[in-house]
Amino acid sequence: MNKIYISLILLLTMISSGFAQTNPELQKMADADQQDRFSGENWDTVMKNDSIRLAKATKLFKEGELNTAKDYYNAGIIFQHGNDTIASKMAVESFKTAIEMDSTLNRWWYAAAVDRDLMRRGEPQIYGTQYIVDGSGKQKQYKMDTTQVTDKERTYYQVPTLAQQKENEKMFDLKSIGSFYVETNSIEKTIDLIKSEFKKGKESDYYITEKGINDFGYQLMWKNKLEESLKVLKLNTELYPKAANTWDSYGEILLKLDQKEAAIKAYKKSLALDPNNENAINIIAEHK
């Protein structure tokens, strides 16, 4: 067989198998976007940084520099923090493309982008991801058309069902773990708070749900406080041992700390609880 023909086949095979590399500039910008939001940075500075990232991401998009699913995913994160419907539409298209290329990515972003785009156009959201602050300073869900998508679709896009959303609204008056951490500047005191408030159950004054603790763990992760994040995410597996997501998140922080053997055990535990966890399947396969 012709050597050139063989080389062409190998090239096409590598490309189709994901040989293309994630754009490092987009990855860096997407990481900075999230870090800005968890760092306590002045909001005017965040908005200025958003506009710079949006201009750069748009240029990369127009120049055809987005090749992988992660590229489109990272671009979507940047586009959705633009201030107009042009940016929000690009966010929807980017997340849609990313998920079509790799369904293991966080599908919630697509639902949130759709809802945010509808909200900017003055139309009701359809998944239920967007909240606004009312006149009294409290959060409430933005107006919603519940007829456009089913709860099955919401679940696929990692959005709570309508019933779960109503239950979640009751949590808005609860205090956040993050606020206590900021006030005390002590991870030890915060861990003790989580444990004591967890014992109170529905009488707790803080948002001590699996998601609430998980979100706090990720806030610490984004601030590069990895050892503190590890303590929080490990505690979450102890408080919610039957939740696949707590073990998945615990595995992620262990990988970041280069504790690969412990990380794989955590991902295997997550997979045992949720056999459809494609993220765990892929990571376990990568580290065989």
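The values are calculated or read from the model by the stated rules, or taken from the named source; none is laboratory data. The structure presented is a predicted model; accordingly, all values stated were derived computationally and were not measured. All Cβ positions, even for glycine, are placed from backbone atoms using ideal geometry, and neighbour counts span all protein chains on display.
Couple of notes before you dig in:
- Flag for Thr209 being at pLDDT 95 or above, hydroxyl-bearing (Ser, Thr, Tyr) and crowded, with 16+ Cβ neighbours inside 10 Å: no
- Looking across segment 81-96, the residues that are among the hydroxyl-bearing types (Ser, Thr, Tyr) and surrounded by 18 or more Cβ atoms within 10 Å (Cβ to Cβ) come down to Ser88, Ser94.
- For beta carbons closer than 9 Å, sequence separation of 6+ or different chains, a first residue in segment 20-42 that is farther than 17 Å from Gly82 by Cα and a second that is at pLDDT below 90 and of a type in the set (D, E, K, R), the qualifying pairs are Phe38/Lys223; Ser39/Lys223; Gly40/Lys223.
- The residue list Asn74, Asn83 contains one member that is out of contact with any helix residue (DSSP H, G or I) (no Cβ under 6 Å at 6 or more places or on another chain) and not hydroxyl-bearing (Ser, Thr, Tyr), which is Asn83.
- Listed by first and then second residue, the pairs with beta-carbon distance under 7 Å, at least 6 apart or on different chains, first residue in segment 275-286 and modelled with pLDDT under 90, second among the β-branched types (Val, Ile, Thr), are Glu278/Thr104; Asn279/Thr104; Asn282/Thr104.
- Residue satisfying condition, being in a helix (DSSP H, G or I), more than 15 Å from Asn236 (Cβ to Cβ) and in contact with a strand residue (DSSP E or B) (Cβ under 9 Å, 6 or more places away or on another chain), within set Glu169, Glu153, Glu197, Glu188: Glu169
- Residue match in segment 123-141 (condition: surrounded by 15 or more Cβ atoms within 10 Å (Cβ to Cβ), part of a helix (DSSP H, G or I) and either in contact with a helix residue (DSSP H, G or I) (Cβ under 6 Å, 6 or more places away or on another chain) or not assigned by TED's automatic domain parsing to the domain that holds Ile213 (or both)): no
- If only residues of segment 244-288 that are closer than 17 Å to Asn106 by Cα and among the small types (Gly, Ala, Ser) are counted, the one that is surrounded by the fewest Cβ atoms within 10 Å (Cβ to Cβ) is Ala244.
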